[in-house]
Amino acid sequence: MKTAQIIKGIIILLFAIVAFTACEDVVEVELNDEDIDLIAVEAYISTKAENNVYVKLERTLAVNQTAQNPVISNAVVQISDNADSPNTVTLEEQGTTGIYMLPAGTNYPGVTGRTYTLTITTPDGTVITGEEYLQEVETLDTVKVNLSDRGNYEYLGIYINSQETPGLGHYYKWDIYLNGELLNDGEDLAFASDELVDGNYIYDMLVLLDWEDEEEDKILHLGDTVVVEQLSISEAAYEFYWGLSDQAWAGGPFSVPPANVPSNLTSSDGKRILGLFSARDISVGNTVIIDDSNFTPLVSSVPEI
């Protein structure tokens with residue numbers, strides 16, 4: 001049992017999870033004239049059965065303006081793959097929201113092993129492109145919610161157990177849904193690479209710690225429903241989240257990010273594009289409904305030796 005605990009500690013320590021932490025300092029991002037009126041893109045395709053294709057387009061404003069960023073309507077937005085007979089779909093704007101999704105009745109499933117290309121043509125003729133490989137993700141075996149030893153068992157944590165795919169170069173993100181709503185504040189993001197744990201089984205990895213002391217500030221409560229999705233992401237997506245971390249940015253993950261966060265999108269006019277196009281496979285873990293049994297210390301999932 002002692003050996004098992006040591007193994008568990010090594011694995012958790014080595015798995016370089018990156019979760020944003022709240023920051024009370026004001027981070028000033030200096031923007032010059034070239035940084036104004038940039039296009040910001042949030043786009044993804046996934047292997048989910050429904051609502052698996054999404055693109056949102058906005059333009060940036062000067063940092064001293066408080067108005068909401070204007071959306072980009074009437075763009076032509078297409079996604080295509082590299083199948084032997086390529087499949088291309090044109091997305092449809094939802095009203096005048098700058099959000100583009102599959103037309104009603106259209107299915108365009110993400111397929112692991114394929115490369116997807118996003119092409120956006122704005123009303124002024126600017127062409128934006130991005131490319132992503134859709135990597136298969138391992139099954140998310142179990143999700144646990146228990147008191148964490150980080151904080152002397154005073155705070156609930158969310159833990160996952162999963163195999164890590166053999167072969168270096170895999171990247172992961174964990175989306176956490178609480179009562180059906182995605183937790184998307186900066187401090188709730190969790191993502192990692194396999195650099196130090198290639199091919200290992202990952203036991204009891206902490207993906208969220210509800211570290212607030214005051215009850216009204218806590219995220220997790222009795223009766224809450226917790227669902228975790230394990231996503232495969234690309235190196236470009238991983239670097240994007242790292243860039244946000246370096247900026248100590250604490251807004252929602254797809255508010256318009258600072259101008260110098262890396263992007264995998266390019267523009268025909270040579271201007272920088274803010275944001276990310278991501279292709280991801282998704283494995284959904286078991287549902288946890290928090291009750292009194294969850295307010296107990298985590299019991300190790302590592303098999304006894």
Item to complete: Return the pairs, sorted by first residue and then second, in which the second residue is among the small types (Gly, Ala, Ser) and at pLDDT below 95, the first residue lies in the range 26-45 and is farther than 14 Å from Thr60 by Cβ, the beta carbons are less than 6 Å apart, and the residues are 6+ apart or on different chains.
Response: Val27/Ala248
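When you check Asp281 against the structure, is it surrounded by fewer than 19 Cβ atoms within 10 Å (Cβ to Cβ), at pLDDT 95 or above and not hydroxyl-bearing (Ser, Thr, Tyr), yes or no?
Values: surrounded by fewer than 19 Cβ atoms within 10 Å (Cβ to Cβ): no; at pLDDT 95 or above: yes; not hydroxyl-bearing (Ser, Thr, Tyr): yes.
Judged against the criteria, Asp281 is not a match.
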Worksheet, complete the sentence: Log entry, pairs with first residue in the range 185-197 being within 15 Å of Tyr172 (Cβ to Cβ), second being of a type in the set (Val, Ile, Thr) and in a helix (DSSP H, G or I), beta carbons closer than 7 Å, six or more apart or on different chains, reads Val197/Ile11
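Listed residues Glu50, Glu92; which is in the same structural domain as Thr115 (by TED's automatic domain parsing), within 30 Å of Thr112 (Cβ to Cβ) and at pLDDT below 95? Explain how you work it out, then say what you get.
Values: Glu92 fails: at pLDDT below 95.
Checking each option against the conditions leaves just Glu50.
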Worksheet entry | Condition broken by Asn184, with the remaining ones in (1) crowded, with 18+ Cβ neighbours inside 10 Å; (2) touching a Gly at 6+ places or on another chain (Cβ under 7 Å) satisfied | (1)
Practice prompt. Please find, among Glu164, Glu239, Glu212, Glu216, the residue that is modelled with pLDDT under 95 and farther than 22 Å from Ile289 by Cβ.
Written response: Glu239
Worksheet item: Taking Ile72, is it among the aliphatic types (A, V, I, L, M) and at pLDDT 95 or above?
Response: yes
Worksheet item: Pick from Val145, Val77, Val71: which is on the phi < 0 side of the Ramachandran plot and either touching a helix residue (DSSP H, G or I) at 6+ places or on another chain (Cβ under 7 Å) or small (Gly, Ala, Ser) (or both)?
Response: Val145
Worksheet entry | In the range 264-284, the residues that are part of a loop (DSSP other than H, G, I, E, B) and under 30 Å from Gly180 (Cβ atoms) | Asn264, Asp281
Worksheet item: So which pairs qualify, if the first residue must be in the range 285-296 and assigned by TED's automatic domain parsing to the domain that holds Gly157, the second must be at pLDDT 95 or above and surrounded by fewer than 11 Cβ atoms within 10 Å (Cβ to Cβ), the Cβ gap must be under 6 Å, and the two must be at least 6 apart or on different chains?
Response: Ile290/Leu222
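Okay, residues lined up against (1) under 22 Å from Ala49 (Cα atoms); (2) surrounded by fewer than 18 Cβ atoms within 10 Å (Cβ to Cβ); (3) at pLDDT below 95:
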| residue | (1), (2), (3) |
| --- | --- |
| Thr96 | no, yes, no |
| Arg114 | yes, yes, no |
| Thr122 | no, no, no |
| Gly130 | no, no, no |
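The values are calculated or read from the model by the stated rules, or taken from the named source; none is laboratory data. Here the structure is a predicted model, which means the values were calculated and not measured. Ideal geometry is used to build each Cβ from the backbone, glycine not excepted, and the neighbour counts take in all protein chains shown.
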